[in-house]
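Values quoted throughout were computed directly from the atomic coordinates according to the rules given, and no laboratory measurement underlies them. In this text the structure is predicted, and so the values were computed from the model without any measurement. Please note: Cβ atoms are built from the backbone with ideal geometry, for glycine as well, and neighbour counts cover all protein chains shown.
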Amino acid sequence: MAEKHLEVAIAAGGTAGHINPALALAEELRDRGHHVRFFGQTAKLEGRLVPEAGFELVPVVVSGFDRSRPWTLATSLYRMRRAQSQIARLFSAEGAPDVAVGFGAYVEMALLNCCHRLGVPYVLHEQNSVPGLANKALAPHASRVCISVPAARAAFEREGRAAREVVLTGNPVRRSVVNASRDEGRAAFGVEPHETMLLVFGGSLGAAHINEGVGRLKRELLSREGLVVVHSTGADGFDETVSALALTPEEQIRWRVMPYISNMGQALAAADLVLSRAGASSIAEIAAVGVPSLLVPYPHATADHQTTNARFLVDAGAAELLADERIDAPEFASTLLGLLDDPGRRAAMREAALALAQSRAAASLADEVERAAGL
Ligand SMILES: CC(=O)N[C@H]1[C@@H](OP(=O)(O)OP(=O)(O)OC[C@H]2O[C@@H](n3ccc(=O)[nH]c3=O)[C@H](O)[C@@H]2O)O[C@H](CO)[C@@H](O)[C@@H]1O
């Protein structure tokens with residue numbers, strides 16, 4: 001444990017893929033005796049995930065600018081300025097933190113710009129191979145930028161906006177995922193040792209195209225003896241998927257459909273194969289647990305960054321890649337069923353995934369946060 005205990009402010013926002021790495025860092029910092037306070041929006045996802053993990057969330061209200069509705073710019077700028085003054089007042093009343101951290105969500109602009117003005121050092125963490133807008137804008141004044149995959153370094157440097165240091169730490173994964181055991185996972189999902197479990201999910205929000213595509217393979221999948229499908233549809237796609245699948249009560253025992261899985265560590269640990277999008281946190285968790293995967297990158301992600309994310313696993317033989325448009329082609333069935341029918345291939349993929357696990361990511365990022373604060 002470090003001798004000096006730091007006050008650390010972390011900006012949390014965006015999807016679960018942005019918030020989970022922030023929580024993984026906070027867990028590590030708390031273990032080292034530091035005090036962590038999150039800044040984010042109570043009405044958004046962080047308003048639930050941060051308190052659930054046992055951390056305080058200081059409420060901040062911001063709203064992004066929607067290019068298709070130009071009048072939202074005024075509200076967005078007004079709220080950003082108001083949020084910055086609110087944070088500045090809080091710091092002057094209670095003392096400024098020793099260091100702050102942002103994970104690329106828009107809300108970090110309020111916290112980190114305020115820290116910059118007050119001379120508080122801040123660290124950025126980028127989960128993706130292609131940096132997001134907020135991180136790019138804040139990089140010039142960051143104490144260091146921590147990246148998850150080597151591919152992101154070039155992007156930060158190419159922008160000509162390299163921070164003082166770009167450090168490869170990896171993407172932190174929460175302890176509930178890193179420490180998940182296959183036996184516990186199988187017990188939690190009621191999967192017998194001889195059964196094969198396919199886990200389907202489409203990032204934190206679900207993916208309609210994956211839900212439809214896997215649904216069309218219902219007959220082929222259910223005809224495989226001992227196959228169990230655990231399918232997280234995303235909240236928005238749940239009703240539609242349930243009615244499209246039209247599972248009989250008997251089939252529902254082998255194909256479990258749910259809007260969201262809250263114990264993702266156990267689901268991944270129990271799975272023999274994952275079918276998912278290629279968001280940064282999904283990739284990091286798949287590697288941490290060591291599970292073979294068929295990845296279908298979200299085709300509209302900025303600069304197609306999910307394909308670049310997926311390459312991290314695919315190039316090492318840990319995963320197969322399928323372009324989103326191929327979900328409607330025969331190749332989808334042949335690739336998915338081929339992997340389900342080939343335990344030897346899956347065992348090799350599992351080894352390859354484990355070799356990529358960035359098990360020190362949370363610790364490395366915490367080291368950088370301590371260094372930025374002068375410890
Ligand atoms: C469409 C888009 O732009 N998505 C971005 C968003 O993805 P998004 O947040 O969807 O995707 P990620 O793969 O990064 O994270 C998904 C997270 O949701 C969790 N989960 C998912 C399903 C479920 O039922 N239960 C559950 O807990 C996973 O365990 C994981 O922690 O942020 C990521 C991180 O910056 C980016 O890489 C993605 O490109």
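Taking 0.36 nm per residue of sequence separation and removing the Cα-Cα distance, the TRP71/THR248 pair yields an extension gain of 58.8 nm. Extension gain for the segment LEU133 to GLU192, taken as residue separation times 0.36 nm less the Cα-Cα distance, is 16.7 nm to one decimal. The local environment of GLN306, defined by Cβ-Cβ distances under 13 Å, has a net charge of 0 under the rule Lys, Arg +1 and Asp, Glu -1. Close amide-amide hydrogen proximity is noted between VAL58 and PHE38, PHE39, GLY40, each under 5 Å apart and 5 or more residues distant or on a separate chain (H modeled in the peptide plane; Pro and chain starts excluded). Separation of the stretch 210-278 from the stretch 83-151 is 38 Å, based on Cα centroids.
Were the residues from ARG81 through GLU220 laid out at 0.36 nm apart, the gain over their Cα-Cα distance would be 44.5 nm. A dipole drawn for the stretch 178-356 from +1 and -1 charges on Cβ atoms has a positive end, and of ALA318, GLY215, PRO249 the residue lying farthest that way is ALA318.
In whole Å, what is the distance between the alpha-carbon centres of the stretch 297-375 and the stretch 13-44? Answer, in whole Å: 23. Legend: P(r) of the chain from all alpha carbon pair distances, 10 Å bins from 0, whole percents, reading 5, 24, 32, 23, 13, 4, 0. Magnitude of the charge dipole for the stretch 178-356, about its Cα centre and with charges confined to Cβ atoms of Lys, Arg (+1) and Asp, Glu (-1), is about 220 debye.
In the elastic network of the chain, a GNM with C-alpha springs shorter than 10 Å, the most mobile of GLY290, GLY344, GLY33 is GLY344.
This ranking places HIS125, HIS5, HIS141 by how few other beta-carbon atoms lie within 10 Å of each, fewest first, which gives HIS5, HIS141, HIS125.
For the stretch 54-67, 3J(HN,Hα) computed residue by residue from phi via the Karplus equation (6.51, -1.76, 1.60; θ = phi - 60°) reads x, 10, 7, 10, 7, x, 9, 10, 9, 8, x, 9, 9, 4 Hz, glycine and proline entered as x.
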